[in-house]
Amino acid sequence: RKEVEQDPGPFNVPEGATVAFNCTYSNSASQSFFWYRQDCRKEPKLLMSVYSSGNEDGRFTAQLNRASQYISLLIRDSKLSDSATYLCVVNKGFQKLVFGTGTRLLVSP
Amino acid sequence: DGGITQSPKYLFRKEGQNVTLSCEQNLNHDAMYWYRQDPGQGLRLIYYSQIVNDFQKGDIAEGYSVSREKKESFPLTVTSAQKNPTAFYLCASSGFSRQGSEQYFGPGTRLTVT
């Protein structure tokens with residue numbers, strides 16, 4: 001089993017839609033989690049950090065379910081500019097992160 | 001402006017040559033990291049350094065070497081021993097925190113070896 005698993009997508013949604021991505025992780029001892037956004041041929045950029053049950057920042061909400069070992073990212077009122085690949089990242093300890101392969105989102109007019 | 005810089009953006013080399021990728025940060029972060037990204041794969045950790053003059057191998061260190069002589073700088077050398085060096089190389093840095101370790105990335109270097 002991969003340490004971090006994501007549905008690669010793509011998720012095709014119209015502008016204004018709500019979309020959710022899930023990510024599962026295998027290390028039950030992981031304490032911190034992150035969502036990064038990566039545009040095509042660019043570096044990943046930190047979107048949200050999740051240390052407790054969840055986090056919210058504007059249209060973006062991340063939720064953590066430790067019992068089931070998954071993290072979700074919800075995007076409300078999707079914008080064209082949200083089109084990107086979203087990387088689920090898990091801290092495996094000692095400042096080392098494990099990256100998922102990403103979920104691709106395409107928002108269309 | 002604080003940030004991480006990597007140079008060059010694109011790099012082309014012939015097989016058998018060593019090449020050094022630059023990474024500099026002015027965020028005053030203690031930890032620095034090197035990753036490579038291949039199409040369809042997640043980022044994989046090559047080397048990391050938590051403090052000056054100390055570094056550890058990541059998951060795919062074979063064929064790579066690093067140095068950390070200054071806090072701001074963490075250059076990566078891709079040696080001729082690396083079997084598949086063509087990739088997108090990303091440098092990151094983070095400050096220590098009790099909760100976690102948000103890492104911030106430089107713009108990356110695309111290395112093509114032919």
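Of all residues in the range A:2-27, how many are within 17 Å of A:V98 (Cα to Cα), charged (D, E, K, R) and not in a strand (DSSP E or B)?
Within the range A:2-27, residues that are within 17 Å of A:V98 (Cα to Cα), charged (D, E, K, R) and not in a strand (DSSP E or B) number 3.
Restricting attention to the range A:54-87, the residues that are polar (S, T, N, Q), in contact (Cβ under 8 Å) with a residue 12 or more places away in the chain and within 14 Å of another protein chain (Cβ to nearest Cβ) add up to 1.
Within the range A:24-38, the set of residues being open to solvent by less than 70 Å² (accessible area, probe 1.4 Å) and either modelled with pLDDT under 95 or over 12 Å from A:L74 (Cβ atoms) (or both) comprises A:T24, A:Y25, A:S26, A:N27, A:A29, A:S30, A:S32, A:F33, A:F34, A:Y36, A:R37, A:Q38. When you look at A:A62, is it in contact with a strand residue (DSSP E or B) (Cβ under 9 Å, 6 or more places away or on another chain) and either among the polar types (S, T, N, Q) or at pLDDT below 95 (or both), yes or no? Judged against the criteria, A:A62 is not a match.
Counted as qualifying within the range B:19-114 are the strands (runs of 3 or more DSSP E) with 3 or more residues that are within 11 Å of another protein chain (Cβ to nearest Cβ), namely B:31-37, B:44-51, B:87-94.
Condition check ((1) of a type outside the set (S, T, Y); (2) under 18 Å from A:L97 (Cβ atoms); (3) open to solvent by less than 10 Å² (accessible area, probe 1.4 Å)) across all residues:
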{"position": "B:Y10", "(1), (2), (3)": "no, no, no"}
{"position": "B:C23", "(1), (2), (3)": "yes, yes, yes"}
{"position": "B:S65", "(1), (2), (3)": "no, no, no"}
{"position": "B:F74", "(1), (2), (3)": "yes, yes, yes"}
{"position": "B:A81", "(1), (2), (3)": "yes, no, no"}
{"position": "B:Y89", "(1), (2), (3)": "no, yes, yes"}
{"position": "B:G108", "(1), (2), (3)": "yes, yes, yes"}
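If the condition is being open to solvent by 20 Å² or more (accessible area, probe 1.4 Å) and either of a type in the set (A, V, I, L, M) or closer than 16 Å to A:S28 by Cβ (or both), then the range A:69-90 contributes A:Q69, A:Y70, A:L74, A:L80. Of the residues making up the range A:91-107, those that are under 23 Å from A:S26 (Cβ atoms), touching a residue at least 24 places away in the same chain (Cβ under 8 Å) and open to solvent by 40 Å² or more (accessible area, probe 1.4 Å) are A:K92, A:T101, A:R104. Across the range A:88-99, not a single residue is classified as modelled with pLDDT of 95 or more, out of contact with any helix residue (DSSP H, G or I) (no Cβ under 9 Å at 6 or more places or on another chain) and more than 11 Å from chain B (Cβ to nearest Cβ).
Taking into account only those residues within the range A:52-63 that are part of a strand (DSSP E or B) and under 21 Å from A:G9 (Cβ atoms), which is most open to solvent (accessible area, probe 1.4 Å)? Steps first, please.
Within the range A:52-63, the subset part of a strand (DSSP E or B) is A:54-57, A:60-63.
The next check asks that each one be under 21 Å from A:G9 (Cβ atoms); those that pass are A:60-63.
On the way: A:F60: 30, A:T61: 21, A:A62: 1, A:Q63: 111 Å².
Residue satisfying both the conditions and the ranking: A:Q63.
The values are calculated or read from the model by the stated rules, or taken from the named source; none is laboratory data. What you are looking at is a predicted structure, and each value in this text was computed from that prediction instead of being measured. Here the Cβ is made from the backbone with ideal geometry for all residues, glycine too, and neighbour counts use every protein chain on show. The area values use the complete protein model at the heavy-atom level, side chains included, leaving out ligands, DNA and RNA. Shrake-Rupley method; radii C 1.70, N 1.55, O 1.52, S 1.80 Å.
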